[in-house]
Amino acid sequence: MWWVVALLVSCPLLAQQGTVVGVVRDTAGIPLSGVSIRVEPLGVGTVSRPGGEFRLELPAGSYRLEARLLGYEPGRVTVRVEAGKTQRVALRLRQRVISLQEVRVLGRQPVQLPEDTRPSLIAVEPRQVKYRAGAVEDVLRTLQALPGVLAVSDFSSQLVIRGSTPDQNLILIDGFEVFNPYRLYGLVSMYNPETVADIQLLTGGFPAQYGDRLSAVLDVTNRSGDRERPLRAHVAASIVNANTVLEGRLPFWEGSWLVSSRRTYYDLIAGPIVRALKLVEGDVALPNFGDLQLKLTLSPHRQHTVSFLTIANRDNTELTAGPERPRPDSISLFDESYNVLVGATWLWQPRPGVSARLLLSAYSNHGTSSFGGEGGSELVLGREDPTLEEFRRLRDSLQRRGLEVPQLFRVEGAGGFAFRRYGALWEATWEASPRQTLQWGIGVDWIRNELRLRLEIDPRLKALQASNPNIPRLPESYTVSVEYPRVGVYVQDRIRLTSALTLLPGLRWDYFGFLRRGVVSPRFSLSYALWSTTTLRAAWGLYFQSPGYEKLLDRQLFLDFTHPRARGLKPEAASHVVLGIERRFSPEWLLRLEGYSKRFWNLIVQERLPGTVWVTSLTPGEDPRKPESWTPPVPVPGDSLTVIPVNGATGEAYGVELLLQKFFTPELPVYGWVSYSLAWAYRQQNGIRYPFSYDRRHVVNLVLGWRISSRLELNVTWTYGTGFPWTEPLGIKPRIVVEQDSSGNPRARIDTDWRGVSFVVDRGGLENLNRGRLPDYHRLDLRVTTYTTWFGKQWSLYLDVVNLYNRANILAITYRVNPETLAIEPNPIRMLPILPTFGVTVQL
């Protein structure tokens, strides 16, 4: 019935409207996508698609179209629209040097077309990445302040989106998939804020174009080099890193080039300090990374554009604890990893309304590591922050008395990995009519994974692990090498039934060679323009994700996919239902309300098998500190985790998100957004339903920028979130160490030290998982930027303060048993304290 109503409402509008079809190119004739097209005096607009094309449905009359894109001079054209007719226009934009003091584009997001059916789409202006307070000029950290997006912690740039794990996000750069977009163990991402041109995040309900992920899509596009000048330089430096960008035009094929390089120097600054304090010995390389990016863009023919992208980076850490360190705990670590991406894109536009592109790529993420050390001094000694000198005095005292000397927990290990992907993707778009656009594509990837691991774990540490059945397991030795194909085919059809109603049905087929299974994913979305400034959007779809070793890094979970029982695995699956409404009150104000519901099934987890646990009981009335007060350990049935992967979990996530956004205008130079999210996320295993590890009920984000004057800018970010779930202790129990006797049979004993029985904290089983909550999280970040001109060059200087009021946010809580009182003492692990940084940027 509602279809009939929609048709009746829209028929009078059709008779009074006309169509404007256009294309935006630069002076070299290369199409420009992401160009903001504004219609004056209506105040509405659109954005050019890949290929530079755009379409507008406007009432009859005369209008001026204005095209704007960062790095280009505005283009304008006047057009007269006649009812029922189509007018064609062409715009040319001239490239120019961007002034550091120019802020007219700050806070201005591209307008999402009413006929764009994608809900949950958030497009971020690259300049917001650079100036958002507390984001350390990082793309992923900027996205963590958007509705529906959570940060794992202050130390990670991973994205948790609408109740899904980080491995369930598809990460793209220039259309190429990357497995590991993180640097410095997740502290920052691979995206260079100085070279990013477009950032689009789909937090749910994404179309059939994207596959092999359950949750969200992040699609980032790097810009091309400056085509107007032979050479242009941009240098930025802060107290932690340096960033250099060189770019210019090529003397042939209307081409351009861009080279960027980044390097952190934590190791150069902090390395001598920690050596002087004798915290480490020998050569040391604190966590550091360097990367190099190259992009070439060529237009050998008016219908053809070719681009080449290369990204290479290296992460490195080397350190060994020195003999004069303040604590008894020690570590020796070597870790080195590389990310290399080589890609080529060919865009072909034989005629208006028809385009195709071919993407070829090779990607490698590989590395090696070795580590060793001793730890657990607080658990062994039973008090907070023991010093190395205290430990030595205790050891000497016990030796003189002939008592057993306590030993710290020792762990050693080594490993390596290599995740490689070779891919080809062909996509085509055909505008069959003014009201119908077909898009289809086929992608083929060949994936090769290699992994090796060796661990030597202290038996007492194994006992601690065995005392908590919810701790994920690791093998002590593992080597694997697998390779397999992955194929994806999709088709989607954008249909404008009326000027107000647009449908996007789509169908996707994926073949996962790792599982030797194919799956079909239907998708559907629609948009309905209630008024010219108000759009309703909805989406439904099925989504599948294949397992793979390359996804385990994001999950921080080990699974043995070579186990015979893994042959029957099914791909993980989810369904999305999204409904939202968006209203643009004026060119500077936007309000969006969106609700979502997600269901998960066939989630892959470590199998929980019936096994044996060892228990002991206290003799009534006896001193629990004495070993003889406890009965000998006996085996009883109990569950334990294994590394065997099974489709053993389901889940659900649902919520409501509200976003109010203010765009920059000269009249009111304040921009940013405020958002609120109300969300629930759960998982279920073995018939037990429990909160998802990142279930955060309430989240408020306030992100504001204020252009105080032409020389001064202020940015503020404030985030509040209720606490993540946490597993609280139920009590204490003796630590039971299981060893093998001379016949190879297991033998259990109660672990003791010079004080008597050693105790561990009892966390319970699955029924107690995530039943508690960490304290609420909130943090205020501040950034002040000033602009000036020195020696004829444009400069900007900034001060960025993370956690301005020094809130002690809690990452986790460890527990130890007081050996005197046998009370459980919590030890909160805090996240970032107040942290000021400063930096400078200059354009040469």
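The values are calculated or read from the model by the stated rules, or taken from the named source; none is laboratory data. The model shown is predicted, which means the values in this text are computed figures rather than measured ones. For neighbour counting, all protein chains shown are included, and Cβ atoms are generated from backbone atoms with ideal geometry for every residue, glycine included.
Can you confirm whether F419 is farther than 25 Å from N827 by Cα, crowded, with 17+ Cβ neighbours inside 10 Å, in contact with a helix residue (DSSP H, G or I) (Cβ under 8 Å, 6 or more places away or on another chain) and not polar (S, T, N, Q)? Break it down into steps so the answer makes sense when it comes.
Values: farther than 25 Å from N827 by Cα: yes; crowded, with 17+ Cβ neighbours inside 10 Å: yes; in contact with a helix residue (DSSP H, G or I) (Cβ under 8 Å, 6 or more places away or on another chain): yes; not polar (S, T, N, Q): yes.
Yes: the conditions hold for F419.
Applying the selection to the stretch 37-78, what residues are of a type in the set (S, T, Y), assigned to a strand (DSSP E or B) and modelled with pLDDT of 75 or more?
Selection gives T46, S62, Y63, T78.
Which of the following residues is at pLDDT 90 or above and either surrounded by fewer than 17 Cβ atoms within 10 Å (Cβ to Cβ) or closer than 26 Å to Q200 by Cβ (or both): L296, L231? Let's see the steps before the verdict.
Values: L231 fails: at pLDDT 90 or above.
Just a single option satisfies the conditions, and that option is L296.
Is there any pair linking a residue in the stretch 581-609 that is assigned by TED's automatic domain parsing to the domain that holds L202 to one that is polar (S, T, N, Q) and buried (at least 21 other Cβ atoms within 10 Å of the Cβ), with Cβ under 7 Å and at least six apart or on different chains, and which?
E582/T535; E594/S120
Would you check if Y185 is of a type in the set (S, T, Y), in a loop (DSSP other than H, G, I, E, B) and on the phi > 0 side of the Ramachandran plot?
On the way: of a type in the set (S, T, Y): yes; in a loop (DSSP other than H, G, I, E, B): yes; on the phi > 0 side of the Ramachandran plot: yes.
Here the answer is yes, as Y185 does meet what is asked.
Given the options S355, S361, name the one that is assigned by TED's automatic domain parsing to the domain that holds L453, over 25 Å from the mean Cα position of the chain (by Cα) and assigned to a strand (DSSP E or B).
Values: S361 fails: over 25 Å from the mean Cα position of the chain (by Cα).
Of S355, S361, the one residue that is assigned by TED's automatic domain parsing to the domain that holds L453, over 25 Å from the mean Cα position of the chain (by Cα) and assigned to a strand (DSSP E or B) is S355.
Keeping to the stretch 525-559, report how many residues are charged (D, E, K, R), crowded, with 18+ Cβ neighbours inside 10 Å and closer than 25 Å to Q158 by Cα. Steps first, please.
Within the stretch 525-559, the first condition is being charged (D, E, K, R), and the residues that meet it are 537, 550-551, 554-555.
After this cut, where a residue has to be crowded, with 18+ Cβ neighbours inside 10 Å as well, the list is 537, 550-551, 554.
Narrowing further to those that are closer than 25 Å to Q158 by Cα: 550-551, 554.
So the count comes out to 3.
Could you tell me whether L319 is in contact with a helix residue (DSSP H, G or I) (Cβ under 9 Å, 6 or more places away or on another chain), farther than 28 Å from T752 by Cβ and not charged (D, E, K, R)? Full working, then the answer.
On the way: in contact with a helix residue (DSSP H, G or I) (Cβ under 9 Å, 6 or more places away or on another chain): yes; farther than 28 Å from T752 by Cβ: yes; not charged (D, E, K, R): yes.
Yes.
Which count do you get for residues in the stretch 492-514 that are of a type in the set (A, V, I, L, M, F, W, C), in contact with a Leu (Cβ under 8 Å, 6 or more places away or on another chain) and surrounded by 20 or more Cβ atoms within 10 Å (Cβ to Cβ)?
Residues of the stretch 492-514 that are of a type in the set (A, V, I, L, M, F, W, C), as a first pass: 495, 497, 500-501, 503-504, 507, 509, 512, 514.
Narrowing the set further to residues that are in contact with a Leu (Cβ under 8 Å, 6 or more places away or on another chain) leaves 495, 497, 500-501, 503-504.
Still in the running and surrounded by 20 or more Cβ atoms within 10 Å (Cβ to Cβ): 500-501, 504.
The number of residues fulfilling the criteria is 3.
Can you report the number of residues in the stretch 548-598 which are among the aromatic types (F, W, Y) and over 30 Å from L187 (Cβ atoms)?
So the count comes out to 2.
Within the group V217, V149, which residue is touching a helix residue (DSSP H, G or I) at 6+ places or on another chain (Cβ under 6 Å), without any contact (Cβ under 8 Å) to a residue 60 or more places away in the chain and of a type outside the set (G, A, S)?
Working: V217 fails: touching a helix residue (DSSP H, G or I) at 6+ places or on another chain (Cβ under 6 Å).
It is V149.
So that you can scan it fast, the table gives a plain yes or no per residue for (1) buried (at least 18 other Cβ atoms within 10 Å of the Cβ); (2) free of Cβ contacts under 8 Å to residues at least 12 places away in the same chain:
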{"position": "E767", "(1), (2)": "no, no"}
{"position": "A808", "(1), (2)": "no, no"}
{"position": "R816", "(1), (2)": "yes, no"}
{"position": "A823", "(1), (2)": "no, yes"}
{"position": "V840", "(1), (2)": "no, no"}
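Can you tell me which residues in the stretch 343-371 are of a type in the set (K, R) and touching a Leu at 6+ places or on another chain (Cβ under 9 Å)? Show your work before the answer.
Taking the stretch 343-371 and keeping what is of a type in the set (K, R), we get 351, 357.
Matches in the stretch 343-371: R357 only.
Of the residues E125, E115, E177, which is closer than 29 Å to R494 by Cα and not assigned by TED's automatic domain parsing to the domain that holds G723? Talk me through it step by step, then tell me what you get.
Values: E125 fails: not assigned by TED's automatic domain parsing to the domain that holds G723; E177 fails: not assigned by TED's automatic domain parsing to the domain that holds G723.
The match here is E115.
Return the only residue of V235, V188, V245 being of a type outside the set (S, T, N, Q) and either under 23 Å from Q144 (Cα atoms) or not assigned by TED's automatic domain parsing to the domain that holds W509 (or both). Talk me through it step by step, then tell me what you get.
Numbers: V235 fails: either under 23 Å from Q144 (Cα atoms) or not assigned by TED's automatic domain parsing to the domain that holds W509 (or both); V245 fails: either under 23 Å from Q144 (Cα atoms) or not assigned by TED's automatic domain parsing to the domain that holds W509 (or both).
It is V188.
Filter the strands (runs of 3 or more DSSP E) completely within the stretch 191-261 down to those with at least 3 residues that are β-branched (V, I, T).
Working: elements: 196-202, 216-222, 232-238, 241-249.
By residue number, 216-222.
Looking at (1) out of contact with any helix residue (DSSP H, G or I) (no Cβ under 8 Å at 6 or more places or on another chain); (2) in contact (Cβ under 8 Å) with a residue 12 or more places away in the chain; (3) among the polar types (S, T, N, Q), which is the only condition Q465 fails?
Here Q465 meets the rest and fails (2).
Which of the residues belonging to the stretch 441-470 are surrounded by fewer than 19 Cβ atoms within 10 Å (Cβ to Cβ) and part of a strand (DSSP E or B)?
I442, V444, W446, R448, E450, R452, L453, R454, L455, E456, I457
For the stretch 303-331, which residues satisfy the criterion of being surrounded by fewer than 17 Cβ atoms within 10 Å (Cβ to Cβ) and at pLDDT 80 or above?
Q303, H304, F308, T310, A312
Inside the stretch 711-776, counting only strands (runs of 3 or more DSSP E) that do not spill past its ends, which hold 2 or more residues that are of a type in the set (S, T, Y)? Let's see the steps before the verdict.
Details: elements: 712-721, 731-734, 736-740, 746-750, 759-762.
Counting at least 2 such residues, we get 712-721.
Give the stretch 648-703 a look and list any residue that's free of Cβ contacts under 8 Å to residues at least 24 places away in the same chain and either part of a strand (DSSP E or B) or buried (at least 20 other Cβ atoms within 10 Å of the Cβ) (or both), or say none. Step through it out loud before you land on a result.
Kept after step one, since they are free of Cβ contacts under 8 Å to residues at least 24 places away in the same chain, are these residues of the stretch 648-703: 667, 678, 687, 689.
Residues satisfying the conditions are L678, R689.
Let me spell it out: the conditions are (1) closer than 26 Å to L591 by Cβ; (2) at pLDDT below 80, and L100 meets all of them except one. Which number is the exception?
Result: L100 fails condition (1) only.
Residue by residue, here is whether (1) part of a strand (DSSP E or B); (2) under 17 Å from A574 (Cα atoms) holds:
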| site | (1), (2) |
| --- | --- |
| Q492 | yes, no |
| T498 | no, no |
| V519 | yes, yes |
| P522 | yes, yes |
| R537 | yes, no |
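Looking at the stretch 830-840, can you tell me whether even one residue there is in a strand (DSSP E or B) and closer than 30 Å to L408 by Cβ? Explain how you work it out, then say what you get.
Of all residues in the stretch 830-840, those in a strand (DSSP E or B) come to 830, 835-840.
Filter again for closer than 30 Å to L408 by Cβ, leaving 830.
Yes: one or more hits.
Hey, does the stretch 372-384 have a residue that's of a type in the set (G, A, S), touching a Lys or Arg at 6+ places or on another chain (Cβ under 9 Å), assigned by TED's automatic domain parsing to the domain that holds S499 and assigned to a loop (DSSP other than H, G, I, E, B)?
Just the residues of the stretch 372-384 that are of a type in the set (G, A, S), to begin with: 372-373, 375-377, 382.
Checking which are touching a Lys or Arg at 6+ places or on another chain (Cβ under 9 Å) leaves us with 372-373, 375-377, 382.
Still in the running and assigned by TED's automatic domain parsing to the domain that holds S499: 372-373, 375-377, 382.
With assigned to a loop (DSSP other than H, G, I, E, B) added as a condition, the list becomes 376, 382.
Within the stretch 372-384, one or more residues are of a type in the set (G, A, S), touching a Lys or Arg at 6+ places or on another chain (Cβ under 9 Å), assigned by TED's automatic domain parsing to the domain that holds S499 and assigned to a loop (DSSP other than H, G, I, E, B).
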